[in-house]
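S.K.: Handing you a structure now.
The values are calculated or read from the model by the stated rules, or taken from the named source; none is laboratory data. Please read all numbers here as calculations on a predicted model, not as lab measurements. For neighbour counting, all protein chains shown are included, and Cβ atoms are generated from backbone atoms with ideal geometry for every residue, glycine included.
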Amino acid sequence: MKILVTVKRVVDFNVKIRVKADGSGVELANVKMSMNPFDEISVEEALRLKEAGKASEVVVVSIGPAKAEETLRTALAMGADRAILVETDDQVEPLTVAKIVKQVAEAEQPGLIIVGKQAIDDDSNQTGQMLSALLGWAQGTFASKVEIGEKSATVTREVDGGLQTVELKLPAVVTTDLRLNEPRYASLPNIMKAKKKPLDKKSPADFGVDTAARLKVLKTEEPSGRKAGIKVKSVAELVEKLKTEAGVL
């Protein structure tokens, strides 16, 4: 079975985000970029399934600028077999990503697609669900455990009431949550080997998909600073302030 994994190049999670002076978006110049953390988990899970003999090949795909090749090389250094870069400088939205990945899936014929549940830059949490709908495949979202059988996958997912276990008929789409696994680090020898692994470059036009944005960002601004708290002497005083000052009771 082949596993297809999507990865995205985003601002590193350790970087303090700065808004552009004109409020048009987030400052990306001279900012450290890395693989989306949820996508790292997706790659790790695919590699573990391959090591367990449940998969024969792991293919990673990214949709973004030319520099996204670095992100794909990271996935290859972790152990992925092949990489596909759909190169575009447009800010692709979740539906556009889902349409492109759908066509990649139709060409690659994977038995399982693993997607990070969300990207930490836009927090949309939509691509996996849209991809499942477009393909007509079963989906298991927010996976904290994945088990693969001969013709089905069992996914344990986190819900408000605890854990829910669902059985999916393969092929299927699974989105990963933080507690699924701990991603491995790419060793220096593997990083060097990754430079020689195949990377196939395509464009959205190859798939007949329009990447023009459907949404318009009106303004981006930083959240207001947090005000200093106060101490109260009793529960009664706390309730009174919540009523009269905060207006939440």
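S.K.: Among the residues of the range 148-170, which ones are over 20 Å from MET1 (Cα atoms) and either in contact (Cβ under 8 Å) with a residue 40 or more places away in the chain or among the polar types (S, T, N, Q) (or both)?
M.R.: Residues satisfying the conditions are THR156, GLN164, THR165.
S.K.: Then there's this: Taking the conditions exactly as written (crowded, with 18+ Cβ neighbours inside 10 Å and under 16 Å from PHE38 (Cβ atoms)), does ARG157 satisfy them or not?
M.R.: Yes; evaluated as a whole, the condition is true for this residue.
S.K.: OK, next. Against the definition (over 18 Å from the mean Cα position of the chain (by Cα) and not in a loop (DSSP other than H, G, I, E, B)), how does LYS201 come out, yes or no?
M.R.: yes
S.K.: Out of contact with any Cys (no Cβ under 7 Å at 6 or more places or on another chain), in a strand (DSSP E or B) and under 27 Å from THR96 (Cα atoms) - does that describe any residue in the range 209-224?
M.R.: Checked the range 209-224: no residue is out of contact with any Cys (no Cβ under 7 Å at 6 or more places or on another chain), in a strand (DSSP E or B) and under 27 Å from THR96 (Cα atoms).
S.K.: Where residues in the range 96-155 are closer than 22 Å to SER56 by Cα and acidic (Asp, Glu), which of them is farthest from the chain's Cα centre (by Cα)?
M.R.: Checking each candidate, the answer is GLU150.
S.K.: Here is a further query. For the range 71-89, how many residues are among the hydrophobic types (A, V, I, L, M, F, W, C) and farther than 15 Å from LEU47 by Cα?
M.R.: Selection size over the range 71-89: 3.
S.K.: Follow-up question, since we're still on this one. Mind counting the residues in the range 119-141 that are closer than 23 Å to ARG48 by Cβ and touching a helix residue (DSSP H, G or I) at 6+ places or on another chain (Cβ under 6 Å)?
M.R.: 3
S.K.: Looking at (1) in contact with a Ser or Thr (Cβ under 7 Å, 6 or more places away or on another chain); (2) buried (at least 21 other Cβ atoms within 10 Å of the Cβ); (3) modelled with pLDDT of 95 or more, find the lone condition where VAL43 falls short.
M.R.: Every listed condition holds for VAL43 apart from (1).
S.K.: Within the range 9-27, is there a residue that is buried (at least 17 other Cβ atoms within 10 Å of the Cβ) and of a type in the set (A, V, I, L, M)? If you could, list the steps in order and put the result at the bottom.
M.R.: First, pick out the residues of the range 9-27 that are buried (at least 17 other Cβ atoms within 10 Å of the Cβ): 9-11.
With the extra rule that they be of a type in the set (A, V, I, L, M), the set shrinks to 10-11.
Within the range 9-27 (the criterion being buried (at least 17 other Cβ atoms within 10 Å of the Cβ) and of a type in the set (A, V, I, L, M)), the answer is yes, since at least one residue qualifies.
S.K.: Right, another one. (1) closer than 29 Å to GLN91 by Cβ; (2) under 21 Å from the mean Cα position of the chain (by Cα): which one isn't true of PRO223, the others all being true?
M.R.: Unmet condition: (2).
S.K.: Right, something else. Tell me, which residue of the range 64-74 that is of a type in the set (A, V, I, L, M) and in contact with an Asp or Glu (Cβ under 8 Å, 6 or more places away or on another chain) is surrounded by the most Cβ atoms within 10 Å (Cβ to Cβ)?
M.R.: ALA68
S.K.: Let me ask something additional. Consider ALA205 carefully, then state whether it is surrounded by fewer than 16 Cβ atoms within 10 Å (Cβ to Cβ), modelled with pLDDT of 90 or more and closer than 23 Å to GLN91 by Cβ.
M.R.: Yes, satisfied.
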